[in-house]
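*Asks:* One structure coming up, written as structure tokens, with questions to follow.
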Amino acid sequence: MSHDIAILGVGMHPWGKWGRNFTEYGVKAARDALADSGVAWQDIGFVSGAATMRCGYPGYVAGATFAQALGWQGAEVNTSYAACASGSQALAAARSKILSGACEVALVVGADTTPKGFLAPQKGERPDDPDWVRFRLGITNPTYFALYARRRMEMYGDTQDDFARVKVKNAEHGFENPNARYRKKFTADDVAASNMVADPLRLMDICATSDGGAALVVSSLEYARKIGRGDAVKVAAISTVTPTYASAVIEMPDIATDSAAVVEAHSFRAALPVKAYEEAGISPQDVSVAEVYDLSTALELDWMEDLQLCERGQAARLVRDGVTKVGGRLPVNPSGGLACFGEAVPAQAIAQVCELTWQLRGQAGARQVNNAQVGITANQGLFGHGSSVILKR
């Protein structure tokens, strides 16, 4: 049985620090996606929202929030929360609904308004919440990113210059993206001159928090053909697997890993694309372009290896050789990535799918990847959530 669904429309609210209600961003993205799809709002049978958790009660019912804002028309609604993987889970819910035959066409939408500074949990003493515990101990997100980066330096010989090259490359891509928050080219010297946040990562190695929104209109292949969109880009696979005991690396929000002394260790992040490749019936060699979760410059290198786009320890060399820039053999983050967008948590996994859709359609303008046929995303949320989505022509 084919698990493919069609992407009929994509839309985005530009990223920035706008300070307005997240619903406004989602509605703008949704309307753009509907216009791009040619599908009337009244014909949407299912609204799948990625939850916004830090912006008050409406965020907990994001699907209904967006459906109400667009105008009640009787559609079923869903809300998914998986931190940074929320958008992919919202897409997975829509796909399941479509493949079950319960609806023909669905809207997937996520948006966020973020507080200033690094993301942190709600206040209060919650010792049973592992995410709260790590912050209680002072292990902020940049601390984790720095530990991952230091691990690369120790294991593979990567340097701060290698990490800076990732920032410079992504900044060149984001400069060409009208939806990016930061549209400025940087040099390695600029990165080196930025403040140290968590050794070895400087401020320009770490993504910001942002406001933004993204949306998709997806349908069955039969519906796409019925409206003359049989050539639409397709979602070929969605992976949302959880970690497997025993863990090879301490992942957020864990503060201690389970023992791998007597059993084979597993990598959670590396497990995410395996299911996606199997489901799509493709191999890493088929990938034309990737959008990965670059919370830090060093983490982008990890994801390249987790996606099997190169051997372990070889990602920095690919960046040095220009392989991962637009015009190279395998562009990574042609959108500019989180380096240029920042985190708008419920929207970012959807935004990755938007970018790959534009790439596979040939609509990415100056950042267009030549002859893009297959794209893959990677995202990691908290609490054992993560995702990888494969798109194909």
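Rule-based calculations on the coordinates, nothing more; no lab input. All of these numbers come straight from a predicted model, not from anything done at the bench. All Cβ positions, glycine included, derive from the backbone under ideal geometry; neighbour counts span all protein chains shown.
*Asks:* Identify, among Val241, Gln368, Ala270, the residue whose Cα sits farthest towards the positive end of the charge dipole of region 236-390, taking +1 on the Cβ of Lys and Arg and -1 on the Cβ of Asp and Glu, with the dipole about the Cα centre.
*Replies:* Gln368
*Asks:* Continuing with the same structure: Which of [x] -0.33, -1.29; [y] -0.24, -1.35; [z] -0.21, -1.21 is the computed log10 I(q)/I(0) by the Debye sum over Cα atoms at q = 0.06, 0.14 Å⁻¹ for the structure on display?
*Replies:* So the calculated entry is the one marked [z].
*Asks:* Considering the dipole of the chain built from charges on the beta carbon (Lys and Arg +1, Asp and Glu -1) around the Cα centre, which of Met204, Gln348, Gly174 is farthest to its positive end?
*Replies:* Value: Gly174.
*Asks:* Now a separate question. Quick check on packing: order 203-209, 249-255, 229-235 by the mean number of other C-beta atoms within 10 Å, highest mean leading. Kindly include the intermediate steps, with their values, before the conclusion.
*Replies:* Details: 203-209: 22.0, 249-255: 17.7, 229-235: 19.4.
Ranking, from highest mean packing down: 203-209, 229-235, 249-255.
*Asks:* Suppose every K and R has +1 on its Cβ and every D and E has -1 on its Cβ; what is the size of the dipole of region 76-215 about the Cα centre, in Debye to the nearest 20?
*Replies:* Values: 18 positive and 18 negative charges, 24 e Å.
Roughly 120 debye for region 76-215.
*Asks:* Suppose every Lys and Arg Cβ carries +1 and every Asp and Glu Cβ carries -1, with no other charges. What dipole size does region 1-85 come out with about its Cα centre, to the nearest 20 debye? Numbers along the way, then the final one.
*Replies:* On the way: 5 positive and 6 negative charges, 90 e Å.
Charge dipole of region 1-85: 440 debye, to the nearest 20.
*Asks:* Now for a different question. Taking a threshold of 32 Å on the Cα-Cα distance, which of the pairs Lys97/Lys185; Lys17/Lys123; Lys123/Lys234; Lys167/Lys275 fall above it?
*Replies:* Numbers: Lys97/Lys185 42 Å; Lys17/Lys123 23 Å; Lys123/Lys234 42 Å; Lys167/Lys275 29 Å.
Check vs 32 Å cut-off fails for Lys97/Lys185; Lys123/Lys234.
*Asks:* Still on this structure: Just want the answer: with Cβ charges of +1 for Lys and Arg and -1 for Asp and Glu, which residue in Ser2, Ala64, Leu295 is farthest toward the dipole's positive end in the chain?
*Replies:* Checked the options; the winner is Ala64.
*Asks:* Treating only the Cβ atoms of Lys and Arg (+1) and Asp and Glu (-1) as charged, compute the dipole magnitude of the chain about its Cα centre; round to the nearest 20 debye.
*Replies:* On the way: 38 positive and 42 negative charges, 177 e Å.
In debye, rounded to 20, the chain gives about 860.
*Asks:* Also, quick follow-up: What full-extension length gain, to one decimal in nm, is calculated for Ala246 and Arg126 as 0.36 nm per residue of separation minus the Cα-Cα distance?
*Replies:* Numbers: separation 120, 0.36 × 120 = 43.20 nm, distance 2.56 nm.
Using 0.36 nm per residue and subtracting the Cα-Cα distance, I get 40.6 nm.
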